[in-house]
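First up is the structure itself, then whatever we jot down about it.
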Amino acid sequence: MSVRSRSVAAAALALLATLVARPVAAHVDYVTEGSGDPLDAVAFTAEVLSDPFNAALFAGSGLLAVAGLAAYLWVRPTIVDVVVLREKLAGYGDLVPWMLRLAVGLPLVGAGFQGYLFAPTLSFDPGASPLLRVLFIGLGFCLLFGLATRIVSAVGLLTYAWVFLAVDSLVVLAVEYVPILVALAILGGGRPSADDMLLEVASTPGSYYGRIDPVHHLKAFLDGSAAPLRRYVPTVLRVGMGVSFVYLGLIQKLADPGSALQVVEKYDLTSVVPVDPGLWVVGAGVTEIAVGLALIFGFFTRGAAALSFVLFTTTLFGLPDDPVLAHVALFGMASAVFTLGSGPLAFDRWVGRPALDDDESVIPAD
């Protein structure tokens, strides 16, 4: 094998390692006990990358990823399949509220029954706090049915703020709830939802329900008031998802390598891809940060969302004791971002290649 072939093989192995390492990039606190051995984050990363083989794999995977993105952006306008896909996804936009309601409704109901505050690590005794249990179950059920969606989303945001400020700031582990609830406060229940059905009945002349329903006029008012903000929902979702990724990669991996190493050891991940355990941790952290920054700045948004969805699936089924409900919201948010694309205020709107059709001057990178 030539030197060039060995270099390409090493870079490919490193890229595979960082992708497979994403199960480590799950919420580490959900699958480990304790914080592991205290390690200096900077010294740990420097030691891992000081190994020539690790450094070659790390740098090679990065160059391979950059080259792949550049090649895709260059040939993008010639791929009709991608154009058709984007147009088809645009037709699913009206289903996004339903995706988001399922994404937070199910885990909120689970949180109420199992007794935890958004994040599974923040438990409470349901028997000693029945009102708190009813609150979470009620929020979840209302969102699942799409009943009073904007009001319930506002209550959910206030509840999250209360937990963060008064109970435990580690609820930031479940920060994905915030952008989803903000998006629902803007979008409303959408369809199918109880809000949509009841509004239709209440606004029909001669209906019995319309005579007694006190809130359908309020919903119509809120729909009109929130309409100018709807275009920013993709921005809210992708930035929120990106912040979640950066937090997990920077704070839970690179800044706390001891805990991440526990995951590598617990699941014997070095037997999956035979690389140094430290490289697993560094690769997972850097990959998460890179994906997060791409989402925050809106670069290659749909690609990042699709990759996230695949890797969430790997996490969910690859770590048998990782709580399923802890990732449902992330699944929903990734699905919504993939459907909507980058939205405004994104590099995808400025970075692209000239389109083949005369009607479109630039095809966005997402």
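The values are calculated or read from the model by the stated rules, or taken from the named source; none is laboratory data. Keep in mind the model is a prediction, meaning the values are calculated, not measured. Virtual Cβ from ideal backbone geometry, glycine too; neighbours counted across all protein chains shown. With ligands, DNA and RNA removed, areas are computed over all heavy atoms of the protein, side chains included. Shrake-Rupley method; radii C 1.70, N 1.55, O 1.52, S 1.80 Å.
Tabulated data
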item	result
Within segment 210-248, tally of residues that are open to solvent by 40 Å² or more (accessible area, probe 1.4 Å) and in a helix (DSSP H, G or I)	21
Exclusive hit being of a type in the set (S, T, N, Q), open to solvent by 60 Å² or more (accessible area, probe 1.4 Å) and farther than 30 Å from residue 297 by Cα, set 193, 203	203
Search result, residues across segment 76-87 that are open to solvent by less than 60 Å² (accessible area, probe 1.4 Å) and farther than 17 Å from residue 301 by Cα	79
Unique residue being under 19 Å from the mean Cα position of the chain (by Cα), modelled with pLDDT of 95 or more, open to solvent by less than 50 Å² (accessible area, probe 1.4 Å) and within 24 Å of residue 194 (Cα to Cα) when the list is 156, 138	156
Set 69, 100, 57, 63: member being open to solvent by less than 10 Å² (accessible area, probe 1.4 Å) and within 28 Å of residue 283 (Cβ to Cβ)	57
Selection from segment 271-288 of residues that are assigned to a helix (DSSP H, G or I), open to solvent by 10 Å² or more (accessible area, probe 1.4 Å) and more than 18 Å from residue 55 (Cβ to Cβ)	271
Residue check for residue 145: over 19 Å from residue 240 (Cα atoms) and modelled with pLDDT of 90 or more	yes
